[in-house]
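Please treat every number below as a calculation from the coordinates, not as lab data. Computed from a predicted model, the values in this text were never measured in an experiment. Positions of Cβ are backbone-derived with ideal geometry, glycine not excepted, and every protein chain shown enters the neighbour counts.
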Amino acid sequence: MNIDEIRELILLLDQTSISELEVQKNDYRLALRKNRASVNVPGETIPETSGSAPKQEVASSIVAGNLVEVTAPMVGTFYAAPSPDAPPYVQVGDKVQAGQTLCIVEAMKLMNEIKAETDGVVTDIMVDNAQPVEYGQVLMLIEKL
């Protein structure tokens, strides 16, 4: 099994209600589990001109008191802005509202918008633009209002 096949399995798992998947073949075993803090929001898509629609993801968990972690719902590349010449969606200190786009995680040429789950203030952005991210990796912290 190559990395592209593994990525495809991760994306497929993310798009279903299945929480765990295990594949065993000859001398290897692969186990995939969903982060329980990850939530897919069905029906919230914005059409692209290419005819496909990007998924919008909400992935977060409460860290301490009123601090919320926004995590990557999949393996991919973090983008702070919709295009290289556009300003970032959010910066440290920005107030955000629930449902507001925070960033994009690109996976297999699909741009997945990551949305705020709660109203708050961005206190930290943990990754750099165009940096690869892992499933469940903390992307930013938001202090709930």
- Report, by chain and number, residues whose modeled amide H sits under 5 Å from the one on M140, excluding near sequence neighbours (fewer than 5 apart, same chain). V70, M126
- Item | For region 113-120, Karplus couplings with θ = phi - 60° (6.51, -1.76, 1.60), whole Hz, Gly/Pro x | 6, 9, 9, 6, 8, 9, 6, x
- State the extension gain, in nm to one decimal, for the chain segment bounded by E8 and L67, taking 0.36 nm per residue of separation less the distance between their alpha-carbons. 18.0 nm
- Query: Is any residue of region 91-111 close enough, with backbone N under 17 Å, to a label point placed 7 angstrom from the Cα of Q131 along the Cα-Cβ axis, and if so, which?
  - Reply: 91-93, 102-106
- Query: Once phi is turned into θ = phi - 60°, what whole-Hz ³J(HN,Hα) does the Karplus curve with 6.51, -1.76 and 1.60 give for every residue of region 70-83, x standing for Gly and Pro?
  - Reply: 9, 10, 6, x, 6, 6, x, 10, 7, 10, 7, 9, x, 8
- A chain fully extended from R29 to Q91 at 0.36 nm per residue, minus the present Cα-Cα distance, gains in nm 18.3 nm
- Query: Amide H to amide H, which residues 5 or more places from Q131 or on other chains are under 5 Å from it, using H placed in the peptide plane?
  - Reply: F78
